[in-house]
Every structure is written in structure tokens, then in C-alpha cells.
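Following: one structure in C-alpha cells, then a few remarks.
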Amino acid sequence: MAYVIAEPCIDVMDRACVEECPVDCIYEGGRSLYIHPDECVDCGACEPVCPVEAIFYEDDVPDEWSGYVSDNGSFFEEALPGREAPLGSPGGAAKTGPTGVDTPLVAGFPARDEQ
């Protein structure tokens, strides 16, 4: 099990969770942050610092955002538009820096300023 970042993070990316994460498992896409399911140690340090309440334990993701559980894993496991190969498990977000790439679910979400 791991923590998951859901829809409220899109176009916000406050990054307080990144600062709080002791294992550097929160990666930056273009419009959202993603938690690596294999690198996350389930400590929960990220969840209370998220100002938009976008982070949930995998089993506690609200039904309306359940698609973000598999989507979060897809960020690491699949080649995405703008990235030819899967990211895999680089062993820490600091090694990759901002990727500028998002999953189709996040990329297709309407921009916050247009809602």
C-alpha cells in the first residue's frame, strides 16, 4: 500500500508534501505531483501538510477519485506523451527533478483557471 495524490493537487502543486517526505518519493509532473508506490514507506508525513487535502492512503481515496490510484502508478510504469520510456524507480525524486510530464488523466483535466 502507498499514499496517492488525487485531483485537488492538479494545477496547485503546493509542494509542502515534498518537503515533509523523508524518503523523497514524491515526483513532480507538469500539473500534479505523484507518489511512487514502491518507494513510499507509508509514513503518512505528507498527508497532514497538504493544504488542498489531495493526499490519501490508497484504501481511503474517495470513490470520486478512485481512478487516481492506478493513475498514480501509471506515472512511473508507462511511457507517457513527452517521455519515451517509463520512469521506473529512480530511487528518489531529487535525482529526476521536475519531469514536466503528466498522465493522460491529469493532462486532460480542465485547467483550474478555466473552471
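The values are calculated or read from the model by the stated rules, or taken from the named source; none is laboratory data. Since this is a predicted model, take the numbers as computed values, not measurements. Cβ coordinates were reconstructed from backbone atoms using ideal geometry, including for glycine residues, and neighbour counts include every protein chain displayed.
Picking from Glu7, Glu47, which residue would you name as being within 14 Å of Thr103 (Cα to Cα), in contact (Cβ under 8 Å) with a residue 40 or more places away in the chain and in contact with a Phe, Trp or Tyr (Cβ under 8 Å, 6 or more places away or on another chain)? Working first, answer last.
Values: Glu47 fails: within 14 Å of Thr103 (Cα to Cα).
Only one candidate passes the filter, namely Glu7.
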Q: Collect the residues in the range 45-57 that are in a loop (DSSP other than H, G, I, E, B) and over 14 Å from the mean Cα position of the chain (by Cα), keeping them in residue-number order.
A: Ala45, Pro51
**Q.** Number of the condition not met by Gly88 [criteria: (1) surrounded by fewer than 12 Cβ atoms within 10 Å (Cβ to Cβ); (2) closer than 20 Å to Arg15 by Cβ]
**A.** (2)
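Residues are listed down the side, and each one gets a yes or a no for (1) surrounded by fewer than 18 Cβ atoms within 10 Å (Cβ to Cβ); (2) within 14 Å of Gly91 (Cα to Cα); (3) out of contact with any helix residue (DSSP H, G or I) (no Cβ under 7 Å at 6 or more places or on another chain); (4) at pLDDT below 95:
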| site | (1), (2), (3), (4) |
| --- | --- |
| Ala2 | yes, no, no, yes |
| Ala6 | no, no, no, no |
| Asp14 | yes, no, yes, yes |
| Glu20 | yes, no, no, no |
| Ile26 | no, yes, no, no |
| Leu33 | no, no, no, no |
| Cys43 | yes, no, yes, no |
| Glu47 | yes, no, yes, no |
| Val52 | yes, no, no, no |
